[in-house]
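Quick notes on the structure that follows.
Any read-out appearing in this document is the output of simple, stated calculations on the displayed coordinates, not a laboratory observation. Predicted model, so just to flag it, every value in this text is computed and none were measured. Cβ placement follows ideal geometry from the backbone for every residue including glycine, while neighbour counts extend to all protein chains displayed.
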Amino acid sequence: MSFKITIKSTNHNFIANNDEILLSASIDAGLNIPYGCRNGACGACKATVLFGQVDLGKFQSSALSEQEIKSGKILLCCATAHSDLTIDCREASAISGIAPRILPARVQKMDKISHDVMVIYLKLPSNERLQFVSGQYIEFLLKDGKRRAFSLANAPHNDEFLELHLRLVPGGQFTQYVFNEMQEKAILRIEGPYGSFYLREESDKPIIFVAGGTGFAPIKGIVEHMMHQRNQRNMKLYWGVKSLEDLYMKELPSKWSDMNENFDFVPVLSDPRESDQWTGRTGYVHHAVLEDYNDLSPYQVYCCGAPEMVHAAHESFMKLGLPEDEFFSDAFTYANPLPKNAQVSL
Ligand SMILES: Cc1cc2nc3c(=O)[nH]c(=O)nc-3n(C[C@H](O)[C@H](O)[C@H](O)COP(=O)(O)OP(=O)(O)OC[C@H]3O[C@@H](n4cnc5c(N)ncnc54)[C@H](O)[C@@H]3O)c2cc1C
Ligand code: FES
């Protein structure tokens, strides 16, 4: 059985079967509704049901609270329709027309750049290019049907290889394989591009980038795109990691800053070692932003990294006047979130 889903603000509509995830149906229909993890963890695909019945599906309570459910909110990456629906949600513009594709990719080069970050470069078949917008991500399709999301760290003008920055997750199925078994020339299957973490080019507002760990990857893609375009918007990157060894590519933003008057780089260490002899900023990366600004209303923020950091940054930046629709984020959620109260030894 299929239902008609109408987005009130744009009057766009799409058809979804009763067993079809609403976000997937909207992507198939070429609509550009913002989303991130596609697994009910980040909250980026939140929408309001104005009319009709849905099954909410499975999601994490941190992404959709009881109160939000009572007020009609749903996560489009989890919910299915039980009737025709009228919903309210945002629609994005830049990813228009880029449909995700499944492609084979050969691992061209692997570079273990720090104790827990591997940079890998993927090569597509010679007659293929992946059309994408800087900041989007791809998913690896694993043999058992699971998927793992990783952000593209290169910009589209430089697409001979797809560059990814993978942090080793202790006990993580895919990243353990990459670090311990995978060899160059391995063939993987990818699907993409996905995601709505990309530069809003129509704006000329100054930008604050906030990266946590490998959250630097999509921001690198966006900054390289902006520099390629000689974009004159002011940019300031705060990159937060634990200690100096985790700033796995620090020479690059330092170089951007040396070569471009409109780019500033602020590395922030949350737990520097004595041997780091660190004299720079310390603490949580979003706190460094809060220390430097008393009004965020004239800015756009692009924030990427651990979900806890992204949520904390979002909440505190709103209190400092950042308009809700000027905060863009990708939360690096785990593909298989822990059940509540589970014990993990890391
Ligand atoms: C849109 C998007 C883009 C992403 N881009 C990147 C990227 O560019 N680079 C990158 O490094 N990562 C990125 N991630 C995160 C990455 O997809 C996940 O870390 C992924 O789950 C790793 O796969 P894995 O198979 O190694 O680990 P999994 O097998 O998925 O996870 C390991 C298991 O261990 C548990 N676990 C381990 N450590 C922890 C912990 N500290 N807290 C909670 N649970 C834990 C988890 O529950 C999980 O079940 C992105 C995620 C999303 C959603
Ligand atoms: S919760 Fe739906 S995209 Fe993350």
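Just a few scattered comments:
- Residues with amide H under 5 Å from that of residue 305, placed H, sequence gap 5 or more: 212, 330, 332
- Stokes-Einstein D (µm²/s) once Rh is taken as the Kirkwood radius of the chain over alpha-carbon pairs, at 25 °C in 0.890 mPa s: 117
- As a length-normalised measure over Cα pairs under 8 Å and 6 or more apart, the relative contact order of region 1-150 settles at 22 percent.
- Table column - 3J(HN,Hα) (Hz), region 257-266, Karplus curve with 6.51, -1.76, 1.60, x for Gly and Pro: 5, 5, 9, 9, 4, 8, 10, 10, 10, 10
- Lysine pair number, Cα distance threshold 19 Å (strictly under), region 1-111, separation 8 or more or different chains: 9
- Candidates 287, 165, 311, ranked by Gaussian network fluctuation over the chain, Cα under 10 Å, top entry: 287
- Across all C-alpha atoms in region 77-203, the radius of gyration and Dmax reach 16.5, 51 Å.
- The charge dipole of the chain, taken about its Cα centre with unit charges on the Cβ atoms of Lys, Arg (+1), Asp and Glu (-1) only, comes to about 700 debye.
- Residue-averaged 222 nm ellipticity for the chain, from DSSP H runs of 4+ at -39500 (n - 2.57), nearest 500: -5000 deg cm²/dmol
- Magnitude of the charge dipole for region 207-331, about its Cα centre and with charges confined to Cβ atoms of Lys, Arg (+1) and Asp, Glu (-1), is about 260 debye.
- Mean-square fluctuations from a GNM of the chain, with a 10 angstrom spring cutoff on Cα atoms, peak among 166, 199, 290 at 290.
- DSSP bridge analysis restricted to the chain gives an antiparallel fraction near 60%, rounded to the nearest 5.
- 5 angstrom amide H check on residue 54, placed H, neighbours 5+ away: 82
- Restriction of the GluC sites (Glu not before Pro) in region 241-279 to DSSP coil positions whose beta-carbon has at most 16 other beta-carbons within 10 angstrom yields 261.
- Between the amide H of residue 109 and those of 121, distances stay under 5 Å, these residues lying 5 or more places away or on another chain, with hydrogens modeled in the peptide plane.
- Averaging the Cα positions of each part gives two centres, and for region 74-145 and region 10-64 these lie 17 Å apart.
- Residue among 207, 187, 33 with the largest mean-square fluctuation in a Gaussian network model of the chain, springs linking Cα atoms under 10 Å: 187
- Electrostatic dipole magnitude of region 2-88 [Cβ: Lys, Arg +1; Asp, Glu -1; Cα centre; debye, to 20]: 180
- Karplus-based coupling profile of region 11-26, in residue order and whole Hz: 6, 5, 9, 8, 9, 10, 6, 5, 9, 9, 4, 4, 5, 4, 5, 5, with θ = phi - 60° in 6.51 cos²θ - 1.76 cosθ + 1.60 and x standing for Gly or Pro.
- Couplings 3J(HN,Hα) for region 132-144, derived from phi with the Karplus relation 6.51 cos²θ - 1.76 cosθ + 1.60 (θ = phi - 60°), are 7, 10, 3, x, 6, 10, 10, 10, 7, 9, 7, 4, 7 Hz, where x marks Gly and Pro.
- Pairs of Cα atoms farther than 24 Å apart, region 207-331, %: 23
- Cβ-based charge dipole, region 207-331, positive-most Cα from 218, 240, 256: 256
- Per residue, the average separation of C-alpha pairs within less than 8 Å and at least 6 apart gives the chain a relative contact order of 14 percent.
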